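S.K.: Provided herewith is a single structure, encoded as structure tokens, for subsequent inquiry.
None of the figures in this text is laboratory data; all of them are computed from the coordinates on show. Only a predicted model underlies this, so the values are computations on that prediction, with no experimental measurement involved. Note: ideal-geometry Cβ built from the backbone for every residue, glycine included; neighbour counts use all protein chains shown.
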Amino acid sequence: MQAFLDQLWIARWPLWDGLLLTAGIAAAAIAFGTLLGGIVGVQLAYAPWWLRLPFRLYVDIMRGTPVLVLILAAFYIPAVAGLSLGPTEAGTLALTLFAGAHIGELLRGSLQAIPPGQAEAGRSIGLTFPQLLAYVLLPQAARSALPPWINTGVELIKGSSLLSIIGVGELLLRTQEVIGRTFMTIQFYIFAGIVYLVINIALDQLGKSLERRVGQH
Amino acid sequence: MNKPQPLLAIRGLTKQFGAVEVLKGVDLDLDQGDVVSIIGSSGSGKTTLLRCVNLLEEYQGGDIVLDGETIGYRSVNGRRHRLGDRALSRQRAMTGMVFQSFNLFPHLSAAGNVMLGLRKVLKLPKAEARAIAETWLARVGLAARADHYPSQLSGGQQQRVAIARALAMNPKLVLLDEVTSALDPELVQEVLNTVKGIAEDGATLLIVTHEMRFARDVSSRVVFMEQGRIHEEGPAAEIFGNPKSARLAEFLRNTRH
């Protein structure tokens, strides 16, 4: 145990950097993915069918493809097209597209679950459609979408570990590098596992407290 | 040409849901300050008529003219086109609607519900909107409930907030769609009294109701609809006291007990 702790101390900065990168990539993906998903969800719920179709295709393709395949595609396809994306950019792109599809779909569900009388009441006082969305529909959809949205964040933290295979120096790759030097395989994998677990439980608790705060009415 | 133009003129209104003809040519005029109740059995088209006036439904034929403006559609080279979102929204703001199921915004307080249209549609400053909201909530007897959320209010209180929300916008015309049908029996009267109060204040009301005694008390005119048409109309006393058509007499017999 003492030997492990000594090695952990020696490796603390690379592991810390890896953790920061994991958190940063997941945060960027949830932020951009929420923007993207906001647009996608609204289109899926309200656009005419010909406009809905490309969004539907995007969502179904993203949701039907393993995250690992998305990551590899985001890494290799731009290179073929002559765009050079670094592994971190490519990885963030892949996770953003993944998050956008999931958030779009869950927002669609939340919007469609709002009773039609809400939109009618908003229209009857003279709100335009953008106002109706901003002040009546999205605030209500956001409440019911909150738990699955937090869940998407947890999926992104876990999914970011897959970026290690395209060489992004996030927590898992850093851990593997330390194992390569120290051969303390079990100890460091367990350590990394605990770090992921702590982050995700914290995120879950954050979500629950948010839910309690907005769920009062 | 001495008669002033009516506030609301419905001319030859027809509407189909697919193959089903719901409105088969409805003509109806309302003058400023009129209180008109529409009665009739379920499926007679009375709620659909109200929803057409508030532009919540599209209709296939006829015109609705509100305060001199043909609403909902414009004619280009003899073809009707539904107006766009902005124009429809502007026209909807001229009428207020109170729904059977209240439809309060659950994420906003009572005052927030009343203020939303004042702030975003009429673009009033916050303090002014709040003052108007408080005045109207007081008018419907809910001054003390301004900061309560809909889930903390009874059905009757929610419906009174909905009435305040509609009237605060100072609409030319208020549409009331079976406003007591979703209420517990002991809460009906408080809502009817509120409606009666605003009618006495001079608001122009078009009411769809199943409360015959209320229709008789509050209305200047009563319209009996049957199968998508206006079957009979006249002063409340005449419609209830001396129905001309056998169908209306039968309807009144069936609803009294």
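S.K.: Got a sec? Which of A:L5, A:L21, A:L15, A:L35 is closer than 28 Å to A:N200 by Cβ, out of contact with any strand residue (DSSP E or B) (no Cβ under 8 Å at 6 or more places or on another chain), loosely packed, with under 12 Cβ neighbours inside 10 Å and of a type outside the set (G, A, S)?
M.R.: On inspection, the qualifying residue turns out to be A:L5.
S.K.: Another question about this same structure. Would you pick out the residues in the range B:1-25 that are farther than 14 Å from B:L205 by Cβ and either surrounded by 17 or more Cβ atoms within 10 Å (Cβ to Cβ) or touching a helix residue (DSSP H, G or I) at 6+ places or on another chain (Cβ under 7 Å) (or both)?
M.R.: Going residue by residue through the range B:1-25, those that are farther than 14 Å from B:L205 by Cβ are B:1-6, B:9-25.
Of everything in the range B:1-25, those that are farther than 14 Å from B:L205 by Cβ and either surrounded by 17 or more Cβ atoms within 10 Å (Cβ to Cβ) or touching a helix residue (DSSP H, G or I) at 6+ places or on another chain (Cβ under 7 Å) (or both) turn out to be B:P6, B:A9, B:I10, B:L13, B:K15, B:V22, B:L23.
S.K.: While we're on this one: What are the pairs, 6+ residues apart or on separate chains, where a residue within the range A:115-131 that is on the phi > 0 side of the Ramachandran plot has its Cβ under 6 Å from a residue that is assigned to a loop (DSSP other than H, G, I, E, B) and surrounded by fewer than 22 Cβ atoms within 10 Å (Cβ to Cβ)?
M.R.: A:G126/B:A93; A:G126/B:V121
S.K.: Residues B:K123, B:K196, B:K172: which one is at positive phi and of a type outside the set (V, I, T)?
M.R.: B:K123
S.K.: Against the definition (within 28 Å of A:V40 (Cα to Cα) and out of contact with any helix residue (DSSP H, G or I) (no Cβ under 6 Å at 6 or more places or on another chain)), how does A:S209 come out, yes or no?
M.R.: Yes: the conditions hold for A:S209.
S.K.: Among the residues of the range B:26-44, how many are surrounded by 24 or more Cβ atoms within 10 Å (Cβ to Cβ) and more than 18 Å from B:L8 (Cα to Cα)?
M.R.: Number of matching residues: 2.
S.K.: Could I ask something else about it? For the range B:213-224, does any single residue satisfy the condition of being of a type outside the set (V, I, T) and out of contact with any strand residue (DSSP E or B) (no Cβ under 9 Å at 6 or more places or on another chain)?
M.R.: Yes, because at least one residue in the range B:213-224 is of a type outside the set (V, I, T) and out of contact with any strand residue (DSSP E or B) (no Cβ under 9 Å at 6 or more places or on another chain).
S.K.: Looking only at residues in the range B:8-56 that are touching a strand residue (DSSP E or B) at 6+ places or on another chain (Cβ under 8 Å) and hydroxyl-bearing (S, T, Y), which one is nearest to B:P235 (Cα to Cα)?
M.R.: B:S37
S.K.: Of all residues in the range B:186-214, which are surrounded by fewer than 21 Cβ atoms within 10 Å (Cβ to Cβ) and of a type in the set (D, E)?
M.R.: Answer for the range B:186-214, where residues must be surrounded by fewer than 21 Cβ atoms within 10 Å (Cβ to Cβ) and of a type in the set (D, E): B:E186, B:E190, B:E200, B:D201.
S.K.: Could you name every one of the helices (runs of 4 or more DSSP H) located completely within the range A:97-170 that has at least 2 residues being surrounded by 22 or more Cβ atoms within 10 Å (Cβ to Cβ) and within 14 Å of another protein chain (Cβ to nearest Cβ)?
M.R.: Ranges flagged: A:116-124, A:138-159.
S.K.: Anything in the range A:62-93 that is under 23 Å from A:K158 (Cβ atoms) and free of Cβ contacts under 8 Å to residues at least 24 places away in the same chain? List them, or say none.
M.R.: So the first thing to find is which residues in the range A:62-93 are under 23 Å from A:K158 (Cβ atoms), and the list is A:62-76, A:85-93.
If the condition is that a residue be under 23 Å from A:K158 (Cβ atoms) and free of Cβ contacts under 8 Å to residues at least 24 places away in the same chain, then A:G64, A:T65, A:P66, A:V69, A:A73, A:A74, A:Y76, A:L85, A:G86, A:E89, A:L93 are the ones that fit.
S.K.: So, restricting to strands (runs of 3 or more DSSP E) that lie completely within the range B:1-108, which ones have at least 1 residues that are more than 13 Å from chain A (Cβ to nearest Cβ), farther than 22 Å from B:E232 by Cβ and in contact with a His (Cβ under 9 Å, 6 or more places away or on another chain)? Step through it out loud before you land on a result.
M.R.: Working: elements: B:8-17, B:20-30, B:35-39, B:61-66, B:73-76, B:79-82, B:95-98.
In the range B:1-108, B:73-76 are the strands (runs of 3 or more DSSP E) which contain 1 or more residues that are more than 13 Å from chain A (Cβ to nearest Cβ), farther than 22 Å from B:E232 by Cβ and in contact with a His (Cβ under 9 Å, 6 or more places away or on another chain).
S.K.: Condition first: touching a residue at least 24 places away in the same chain (Cβ under 8 Å), hydrophobic (A, V, I, L, M, F, W, C) and surrounded by fewer than 18 Cβ atoms within 10 Å (Cβ to Cβ). Now tell me which residues in the range B:142-185 satisfy that.
M.R.: Answer for the range B:142-185, where residues must be touching a residue at least 24 places away in the same chain (Cβ under 8 Å), hydrophobic (A, V, I, L, M, F, W, C) and surrounded by fewer than 18 Cβ atoms within 10 Å (Cβ to Cβ): just B:A182.
S.K.: Being farther than 23 Å from A:A142 by Cα and surrounded by 22 or more Cβ atoms within 10 Å (Cβ to Cβ) narrows it down to one of B:L104, B:L137, so name that one.
M.R.: Being farther than 23 Å from A:A142 by Cα and surrounded by 22 or more Cβ atoms within 10 Å (Cβ to Cβ) holds for just one of B:L104, B:L137, which is B:L137.
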